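Shown next, in structure tokens, is the structure this report addresses.
Nothing in this text is a laboratory measurement; each read-out follows from the coordinates by a stated rule. No experiment lies behind these values; they were computed from the predicted model shown. Cβ coordinates were reconstructed from backbone atoms using ideal geometry, including for glycine residues, and neighbour counts include every protein chain displayed.
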Amino acid sequence: MEKKYFIQVYGCQMNLHEAEKLAGMLEKMGYQKTQEPESASLIIYVTCCIRENAEQKVYGHLGALKPYKMANREVIVAVGGCMTQQSGAAEKLHKTFPFVDIIFGTHNLCDFERLLKEKENRKKTLIEITEVNSERECIPMKRDSYPNAWVNIIYGCNNFCTYCIVPYVRGRERSRKIDDVVNEVKSLVNDGYKEITLLGQNVNSYGNDAKGQEGYGDFADLINAIGENVKGDYRLRFMSSHPKDLTERLVQAVANNKNCCHSIHLPLQSGSTKVLKEMNRKYSREDYEAKVELIRKYMPDCAITTDVMVGFPGETDEDYNQTMEVMEKVNFASAFMFVYSPREGTPAARRVDQIDGEISKQRIMKMVAEQNDRTARHSKTYEGKIVTLLCEDFDDKKQMYMGRDEYGRMGYFETTENKIGQFVTIKVTKTVGISIYGEMI
Ligand code: SAH
Ligand code: SF4
Ligand code: F3S
């Protein structure tokens, strides 16, 4: 059978980037990528468990895969990512889908080549879930998102927000050395990548785990080091920023770096100080609003985007209204909005005052409607403006090229030339929802 792999990724950028690492490993082993699971000899699921529906999706897809695997026993099915790393999850997965050949945890990503070779010589399911933070810089990578590229700067999370599973499945914070990050960014820019996104669960705590050690510094030092050492025509972004760790020094570093986009993703989660405290977010509503002021002092044009949730245990109408107020006051350029989902093993899941699903539904619907209006209002301000987009893709449905401006706004335009990977200037002629449309000039 030809060596072909199919990877299905769920969840965040962290996982998308890890899939690029897996792909690099597999291509080195002689595998070729395929877009259809039915033509693959190796099928990998890189899973997410941030909310219940993320897990249900994985279970659904694995169920649908069963007949194919039964008819093609030689096909190897592997499941990795955050879901498998949860306590007891690998066993549950193995019980439900005994046909899965390899189950590997988030700390075993770079072991995958070895696991695959081991599996070739045995029949039984191979389960490898370790708690130790192993090597994560598996190279070569097979990047899949030109002209954008992700660069990990810090792994894991120490924050233990009471609703969140991530610290349990991604381990403690581990920062990479400044030079290693700078060199990776430099080589990406030399290779023609035009947008580099620095990744971490909380980029603002970069370096905290290696304070005083040679070769490390804080996130502002890292931004400055990239600015000094990597010159060129590219954009620099980062995500996510925990508000508690956003310092004036960092905002200054971002404002002074001419490659840094004036765009910051600053998850609010809730606008109620009471709820924030119960979430263990370590900031109040006022602290959050002060951070927004700080950003706008140095970058008045900065687009601030956010993550927010409704239905956290004990959330009253008053708490919810406070979130709605902050959203309106900050005037977020866009927002990811979620219904709280209890995650087994987290403190919030053990609370007895869980919110009724119907109430959460009402709350999220109203929130989404208001934010959609706000997002559309932001788009409206673009009408007639000249905007620079980094062209990322061709949209088959619209038959138009698509790109983003420095604030992350999606823009569409027509041209007969392939513009992917180039900065393109357009005059905005129309706006719809979160998107802008224009003519190339
Ligand atoms: N590290 C990032 C967030 C990663 S998870 C940060 O702190 O900003 C992305 C988002 O998912 C979170 O910001 C939060 O809004 C949401 N989320 C996390 N756990 C959740 C849960 N149990 N239920 C619903 N949404 C959740
Ligand atoms: Fe989860 Fe909080 Fe860590 Fe973000 S900062 S990953 S929300 S625990
Ligand atoms: Fe990301 Fe989901 Fe894991 S959001 S870190 S893939 S739980």
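How far is it, in nm, from the label point at Glu439 to the one at His61 when both lie 7 Å from their Cα along the line to the Cβ?
About 4.2 nm, to one decimal.
What relative contact order, as a whole-number percentage, does the chain give when Cα pairs under 8 Å and 6 or more residues apart are counted? Write out the running numbers ahead of the final one.
Working: 868 pairs, mean separation 45.3, N = 441.
With pairs under 8 Å counted, the relative contact order is 10 percent.
Can you tell me which lysines have their Cα less than 20 Å from the Cα of Lys329? Leave out same-chain residues fewer than eight positions away.
Within the straight-line limit of under 20 Å, Lys329 reaches these lysines: Lys244, Lys274, Lys291, Lys297, Lys366, Lys380.
Which one, Ile153, Asn204, Pro167, is farthest towards the positive end of the dipole of region 147-226 when Lys and Arg carry +1 and Asp and Glu -1 on their Cβ?
Pro167
Please report, largest first and rounded to whole Å, the three semi-axes of the ellipsoid equivalent to the chain, where each semi-axis is the square root of five times an eigenvalue of the C-alpha gyration tensor.
Working: eigenvalues 232, 158, 110 Å².
Taking √(5λ) for each eigenvalue gives 34, 28, 23 Å, largest first.
Over the chain, what is the percentage of antiparallel beta bridges among all DSSP beta bridges, to the nearest 5? Show your work: numbers first, answer last.
Numbers: 22 of 65 bridges.
Roughly 35 percent of the beta bridges in the chain run antiparallel, per DSSP.
Going by the alpha-carbon gyration tensor, a ≥ b ≥ c the square roots of its eigenvalues, is region 145-261 rounded (a/c under 1.5) or, if a/c is not under 1.5, prolate (a/b greater than b/c) versus oblate?
Details: a/c = 1.71, a/b = 1.51, b/c = 1.13.
Prolate.
With θ set to phi - 60° and the Karplus curve 6.51 cos²θ - 1.76 cosθ + 1.60, what are the ³J(HN,Hα) couplings of region 62-78 in order, to the nearest whole Hz, using x for Gly and Pro?
5, x, 5, 7, 3, x, 5, 5, 5, 7, 9, 4, 6, 5, 9, 10, 10
Based on the alpha-carbon gyration tensor of region 4-128 and its eigenvalue square roots a ≥ b ≥ c, which shape applies: rounded if a/c is under 1.5, prolate if not and a/b is larger than b/c, or oblate? Walk me through the intermediate numbers first.
Working: a/c = 1.28, a/b = 1.12, b/c = 1.14.
Verdict is rounded for region 4-128.
Could you check the spin-label model distance between Glu38 and Val368? Points 7 Å from the Cα along Cα→Cβ, value in nm.
3.2
At 222 nm, what helix-only mean residue ellipticity would the chain give, in deg cm²/dmol to the nearest 500, using -39500 (n - 2.57) for each DSSP H run of four or more?
Working: 13 runs with 153 residues, N = 441.
When only DSSP H runs of four or more count, the value is -10500 deg cm²/dmol.
How much length is gained on full extension from Ile139 to Phe336, taking 0.36 nm per residue of separation minus their Cα-Cα distance? Provide the component values of the computation, followed by the final result.
Working: separation 197, 0.36 × 197 = 70.92 nm, distance 3.19 nm.
Between Ile139 and Phe336, full extension yields 67.7 nm more.
Report the calculated FRET efficiency for Asn321 and Glu2 (r = Cβ-Cβ distance, R0 = 56 Å), to the nearest 0.05. Walk me through the numbers before you get to the answer.
Working: r = 59 Å, r/R0 = 1.05.
Approximately 0.45, to the nearest 0.05.
With the Cα gyration tensor of region 386-440 giving a ≥ b ≥ c as the square roots of its eigenvalues, does the rule (a/c under 1.5 for rounded; else a/b larger than b/c for prolate; else oblate) give rounded, prolate or oblate?
Working: a/c = 1.39, a/b = 1.16, b/c = 1.19.
Judged from the Cα gyration tensor, region 386-440 comes out rounded (a/c under 1.5).
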